[in-house]
Amino acid sequence: MNKPLDLRIGHSACPHDCPSTCALDVELIDARTIGRVRGARDNDYTAGVVCEKVARYAERIHHPDRLLHPLRRTGAKGSGAFERISWDDALDIVAEKFLEAERAHGATSVWPYYYAGTMGLVQRDGIHRLRHAKGYAGQFDTICTNMAWTGFIAGTGRLAGPDPREMAKSDFVVIWGTNAVSTQVNVMTHATKARKTRGAKIAVVDVYMNETMRQADLPLLLKPGTDGALACGVMHVLFRDGFADWDYLEKYTDRPRDLEAHLKTRTPDWAAAITGIPAETIEAFARLIGETKRTYLRLGYGFSRSRNGAANMHAASCIAAVTGAWKYEGGGAFHNNGAIYKLDKSMIEGTDLRDPAIRKLDQSRIGAILTGDADALHDGPPVTAMLIQNTNPVSVAPEQELVKRGFARDDLFVCVHEQFMTETAKMADVVLPATMFLEHDDIYKGGGHQYLMLGPKLVDAPGEARENHVVHAEIARRVGAEHQGFAMSAREHIDWMLKASGYGTLADLEADRWRDIQPDFETAHYLNGFANPDGKFRFSPDWTNIVAPNDGPMGPWRTLPELPDHWTVIEEADSEHPFRLATSPARRFLNSTFNETPTSREREGRPEVMIHPEDAAALGVGDGDRVRIGNRRGEVRLHARLFDGVRRGVLISEGVWPNEAFPDGKGINTLTGADPVAPYGGAAFHDNHVWLRGAGW
């Protein structure tokens, strides 16, 4: 159907927790209504393509179950019993409870808790201004990026790499540990362009035959947590067969001779025994890398979400240094471009008021924190009041049994600012309706590319929904928090940050829509030296002095490998738990976002666990049977799906489905652990040993 001639097109950027941060063209039907959402064709990274869930955003923004008014709980926690109240009454209650907690236990008993429901720099990060102005407890962000960023920076010294658009100029694209078709669609745009225009090959490394693996010329199916072994087997071949670029190694890397000697025993046969990938496939993969100078390693997040995740990321990144692929356009290793932006967010975050002595509570250990674990609380007072924005911990946080027990406390006051009545909102005392990204002003930076992008308000919000920034200011006024940033609008914050960062003004960005921040070729490819003090890529990282977000060393950091290796700290299968479970992303959900939209729910079907047919036969399990999977953390009931696209002994459950989608209300994160991963913490969502029983429910 042709669009009406008078249909307006608004321009924005996708706010969701995805490195693609797509530039968007949005059909504007009237002041409150949108139509189709498309990728902007004139942005050369988005290149006119968006994922199917964002294309259908009208389903989400106009959903009949959107929260429209402030609510106060009237029944038991979790019962869903609420009554409508005014904004003033709701905010007065929140302020009263925060001040009450402060009087009883000190300001650090109040914990503003947030994450990446929006990646907008104003609406997401402004919560820190309230935190710092009042001296509330800090948050150590560990649920997503810690292991990946730490592992990449361990080698390069900096979270940045070759221009992501260079994938289209590569002769061999290696997509490692990310199901890009489902979670970073633009990676496939540029990889397949290289295939069509240059005859490039695509290899994909993953733990199951997902949609991205099916598009690969060379799929490498391995067991979870064994990526370091694969990387070592590849580098063994590169050194053995003369593919190592010794001129590059001597100039740009530390300890290359030690690495070569170390890898002599890490043969393809050795790696095959660990990974499950046949040795001949590892040999073929290594030869393709060695023979193809323009090899671009696109390293994702998924394979870092194991207890050895930082070491795995580092090992994979080392491959490009062994071959010298960094020298070539279309070559090198890329994970995230976070270091290139250099934005001054001090006004947004109120960093001038930050007290570094105040404890930072580990986001992933929210279950232990809310159930009074002294170590998790840093031997400080209990958390008795919370403001939660942009996240749904009662569904997505690990160790769900502890999380639910913590939220059920009678002495814990919780205010949730949300778009839907999530499982976390149901546990709240006060629920506030939140705007969506097209209903407020914000600014975004692309982790998977190099654009700084404006996301202006395009439509009016329904009901009484208010943006995060306004809620921060209203709470601040009531609790006596003072900072210049509370009196500024979101647009004024964007303008201030752009000017302070040397990127012009808001008016400039409105005219241009985005700003390309990509460094020059020599900088992006580290041809002037890597970002370590000696200018070398580090095969041997100083694991406790990596310049990455951290709260000090944690986990078994003392046993991290000196050189790339398979680090045996994963939750190995054993006689009691013979399977390894990865909780991988679903194509039509994004964490717990989009699992409320009808099309996403319909197309995903139901919670399932994929199991190899031979494993299923041994247990007497048929396709579609009801099964239970469990470990010491709990037990989950769902349906089996027979699937030969996994190694034997491996289970995959895609999500995150709401807990209520499971027959006993226990979602998949019942089984995931929150123990801190070395060296700087994090949650190992894909590293779980479990048993599976086919006795039904």
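A probe of 1.4 angstrom, applied to the heavy atoms of all protein chains, finds residue 149 with accessible area near 60 square angstrom. Rolling a 1.4 Å probe across the protein heavy atoms gives region 551-603 an accessible surface of 47 Å² per residue. Only Lys, Arg, Asp and Glu carry charge here, each on its Cβ (+1 for the first two, -1 for the last two); on that basis region 400-497 has a dipole of about 180 debye about its Cα centre. In the context of the full set of protein chains, residues of region 231-376 present 32 Å² of accessible surface per residue (probe radius 1.4 Å, heavy atoms only). Taking the longest Cα principal axis of the chain as reference, the axis of helix 279-291 is set at about 90 degrees. Close amide H pairs (under 5 Å, H built 1.01 Å from N) link residue 537 with 253, 254, 530, residues at least 5 positions away or on another chain.
In the chain, the longest principal axis of the Cα atoms and the axis of helix 146-156 are about 50 degrees apart. Since only 304, 393, 292 are under comparison, the one whose Cα sits farthest along the positive direction of the charge dipole of region 280-418, derived from C-beta charges on Lys, Arg, Asp and Glu, is 292.
Between residue 500 and residue 251, the contour length at 0.36 nm per residue exceeds the Cα-Cα span by 85.9 nm.
Amide H contacts of residue 412: none lie under 5 Å away among residues 5 or more positions distant or on a separate chain (H built 1.01 Å from N in the peptide plane; Pro and chain starts excluded).
Spin-label model, residue 482 to residue 196: label points 7 Å out along the Cα-to-beta-carbon direction sit 6.0 nm apart. Residue-wise HN-Hα couplings along region 72-77, as the Karplus relation 6.51 cos²θ - 1.76 cosθ + 1.60 with θ = phi - 60° gives them from phi, are 10, 5, 10, x, 5, 4 Hz; Gly and Pro carry x. Any idea what angle helix 490-501 forms with the longest principal axis of the chain, computed on alpha-carbon atoms, 0 to 90 degrees, nearest 10? Here the helix axis deviates by roughly 40 degrees. Karplus-based coupling profile of region 536-547, in residue order and whole Hz: 9, 6, 9, 6, 10, x, 8, 4, 9, 10, 7, 7, with θ = phi - 60° in 6.51 cos²θ - 1.76 cosθ + 1.60 and x standing for Gly or Pro. The 3J(HN,Hα) values that the Karplus relation (6.51, -1.76, 1.60; θ = phi - 60°) gives for region 507-513 are, in residue order, 4, 4, 5, 4, 6, 8, 6 Hz. Gly and Pro appear as x. Rg of the Cα atoms in region 11-77, relative to 2.2 N^0.38 Å, amounts to 1.43. For the chain, a crude dipole built from +1 on the beta carbon of Lys and Arg and -1 on the beta carbon of Asp and Glu, taken about the Cα centre, is about 820 debye to the nearest 20. State the percentage of accessible surface on region 24-152 attributable to carbon and sulfur atoms; use a 1.4 Å probe and exclude ligands, DNA and RNA. Roughly 48 percent, rounded to a whole number.
Between residue 211 and residue 52, the distance separating the two model label sites (each 7 Å from Cα on the Cα→Cβ line) works out to 0.6 nm. Among the protein heavy atoms, those of residue 12 account for about 10 Å² of accessible surface (1.4 Å probe, every chain in place). Per-residue ellipticity at 222 nm computed for the chain from its helices equals -8000 deg cm²/dmol, with DSSP H segments shorter than 4 residues left out and the rest contributing -39,500 (n - 2.57). Of the residues 481, 146, 244, the one whose Cα sits farthest toward the positive end of the charge dipole of the chain, with +1 on the Cβ of Lys and Arg and -1 on the Cβ of Asp and Glu, is 244.
Here the calculated FRET efficiency for residue 9 and residue 76, from their Cβ-Cβ distance with R0 = 45 Å, stands at 0.40, rounded to the nearest 0.05.
Proximity of backbone amide H atoms, modeled 1.01 Å from N, is registered between residue 34 and 29 at under 5 Å, excluding neighbours fewer than 5 places apart on the same chain. Classify region 496-604 from the C-alpha gyration tensor, please: rounded if a/c falls under 1.5, else prolate or oblate depending on whether a/b exceeds b/c. Oblate, because a/c is 1.5 or more while a/b does not exceed b/c. For the chain, the alpha-carbon radius of gyration amounts to 0.93 times the rule-of-thumb value 2.2 N^0.38 Å expected for a compact globular protein.
Rounded to 0.05, the FRET efficiency of the residue 527 and residue 258 pair, given R0 = 30 Å and the Cβ-Cβ distance, is 0.80.
Compactness of region 123-263 was expressed as the Cα radius of gyration divided by 2.2 N^0.38 Å, which yields 1.34.
In this label model, residue 559 and residue 284 are separated by 3.6 nm, measuring between points 7 Å along each Cα→Cβ vector. Simple rule: put +1 on each Lys or Arg Cβ and -1 on each Asp or Glu Cβ in the chain, find the dipole, and look at 417, 174, 14; the Cα lying farthest toward the positive end is 174. Using the Cβ-Cβ distance between residue 606 and residue 632 with R0 = 22 Å, the FRET efficiency computed as 1/(1 + (r/R0)^6) comes to roughly 0.25.
Remark: for residue pairs 134/499; 97/134; 445/536; 53/426, the C-alpha separation exceeds 18 Å in 134/499; 445/536; 53/426. Which shape class, rounded, prolate or oblate, goes with region 227-366 when its Cα gyration tensor gives a ≥ b ≥ c as root eigenvalues, a/c under 1.5 marks rounded, and past that a/b bigger than b/c marks prolate? Prolate is the answer for region 227-366, as a/c is 1.5 or above and a/b outweighs b/c.
Where in region 313-351 does the label zone of residue 360 land, with the point 7 angstrom along Cα→C-beta and an amide N cut-off under 17 Å? Label zone hits: 339, 345-346, 349-351.
Near residue 666, which aspartates and glutamates are there with a Cα under 17 Å away, not counting those fewer than 8 places off in the same chain? Within reach: 399, 401, 423, 608, 635, 654.
Averaging 1/r across all pairs of distinct Cα atoms in region 613-688 and inverting the result yields a Kirkwood radius of 13.8 Å. A prolate overall shape is assigned to region 538-697, the ratio a/c of its alpha-carbon gyration tensor axes (a ≥ b ≥ c) being 1.5 or greater and a/b exceeding b/c.
The values are calculated or read from the model by the stated rules, or taken from the named source; none is laboratory data. Since the structure is predicted, the reported quantities are computational estimates derived from the model, not experimental observations. Positions of Cβ are backbone-derived with ideal geometry, glycine not excepted, and every protein chain shown enters the neighbour counts. Accessible surface is based on the protein model in full, side chains and every heavy atom, while ligands, DNA and RNA are left aside. Shrake-Rupley method; radii C 1.70, N 1.55, O 1.52, S 1.80 Å.
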